[in-house]
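Here the structure comes first, spelled out in structure tokens, and everything after it is commentary.
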Amino acid sequence: MTRNTGPDLSERVRIQSVDVLSDNWYTLRKFTFDFQRRNGQWQTLSREAYDRGNGAAILLYNARRHTVVLTRQFRLPAFVNDHPGMLIEACAGLLDKDDAETCIRKETEEETGYRIANVRKIFEAFMSPGSVTEKLHFFVGEYEANDKVSAGGGLEDDGEDIDVLEMTLNEALALIDTGEIMDAKTIMLLQYAKLHGLTG
């Protein structure tokens with residue numbers, strides 16, 4: 001994959017100290033660093049970065065039936081930010097110690113019940129680079145009805161209670177307009193599917 005990484009800033013950033021603020025669920029660190037501005041002057045800054053590891057997301061689609069498979073689950077951060085809490089999303093998960101493709105195949109089966117033969121990586125993206133280190137690997141994969149090997153729903157031990165939703169791509173895109181889909185990775189994948197004609 002071709003990467004547009006921009007200028008190398010390694011000579012313009014000097015990490016002075018790193019303080020761990022929380023290491024409970026994931027890790028929150030405070031970085032104090034010197035940054036050389038474009039005019040050559042150095043400035044000392046402090047920033048917090050939340051490290052939860054990298055992840056992968058996938059849009060399951062069926063070109064013949066013009067459909068996609070999404071999930072719906074409770075998200076506490078959305079709930080405490082003036083939202084009912086149930087978000088419609090593309091299937092996704094953290095890499096943990098897996099590579100991105102292994103991760104997304106496993107997450108797809110756990111969450112949706114579909115065992116997908118072919119997945120294709122389409123791009124990578126930082127989802128909230130102002131404060132979160134996470135980089136997502138984005139995939140698409142075509143599914144058929146006979147790929148369904150279980151009910152899905154996620155892992156109870158992880159607190160998952162996931163609804164599996166199947167709808168047409170146009171129905172899913174309409175849910176963006178109504179605000180029923182507000183998840184960034186899902187919006188990106190649905191728009192990719194529309195732009196690239198994945199469902200015809």
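The values are calculated or read from the model by the stated rules, or taken from the named source; none is laboratory data. Being a predicted model, the structure only gives us computed values, none of them experimental. Quick reminder, even Gly has a Cβ in these numbers, built from the backbone with ideal geometry, and neighbours come from all protein chains shown.
Some points to look at:
- Criterion violated by Thr44 - all others in (1) touching an Asp or Glu at 6+ places or on another chain (Cβ under 8 Å); (2) in contact (Cβ under 8 Å) with a residue 40 or more places away in the chain satisfied: (2)
- Of all residues making up the stretch 51-64, the number that are in contact with a helix residue (DSSP H, G or I) (Cβ under 9 Å, 6 or more places away or on another chain) and either surrounded by fewer than 19 Cβ atoms within 10 Å (Cβ to Cβ) or more than 15 Å from Leu173 (Cα to Cα) (or both): 6
- Inter-residue pairs, beta-carbon under 8 Å, first of a type in the set (Asp, Glu) and in the stretch 84-95, second in a strand (DSSP E or B), 6+ apart: Glu89/Leu70; Glu89/Thr71; Glu89/Arg72; Glu89/Gln73
- Among (1) modelled with pLDDT under 95; (2) touching a helix residue (DSSP H, G or I) at 6+ places or on another chain (Cβ under 6 Å), the one test that Leu76 misses: (2)
- Matching residues in the stretch 10-68 - criterion: being of a type in the set (Gly, Ala, Ser) and under 30 Å from Cys91 (Cβ atoms): Ser22, Ala49, Gly53, Gly55, Ala56, Ala57, Ala63
- Verdict on Asp98 being out of contact with any Phe, Trp or Tyr (no Cβ under 6 Å at 6 or more places or on another chain), assigned by TED's automatic domain parsing to the domain that holds Ala151 and free of Cβ contacts under 8 Å to residues at least 24 places away in the same chain: yes
- When Ile187 is tested against (1) touching a residue at least 12 places away in the same chain (Cβ under 8 Å); (2) among the β-branched types (Val, Ile, Thr); (3) in a helix (DSSP H, G or I), just one condition goes unmet, and that condition is (1).
- Any hit, the stretch 167-184, residues being assigned to a helix (DSSP H, G or I), in the same structural domain as Glu107 (by TED's automatic domain parsing), touching a strand residue (DSSP E or B) at 6+ places or on another chain (Cβ under 8 Å) and among the polar types (S, T, N, Q): no
- Residue satisfying all of: in the stretch 121-134; of a type outside the set (Val, Ile, Thr) and touching an Asp or Glu at 6+ places or on another chain (Cβ under 9 Å); farthest from Leu189 (Cα to Cα) among these: Ser131
- Condition met for Thr112 (closer than 24 Å to Leu155 by Cβ, without any contact (Cβ under 8 Å) to a residue 12 or more places away in the chain and among the hydroxyl-bearing types (Ser, Thr, Tyr)): no
- Residues satisfying the criterion are present in the stretch 164-187 (criterion: within 19 Å of the chain's Cα centre (by Cα) and of a type in the set (Ser, Thr, Tyr)).
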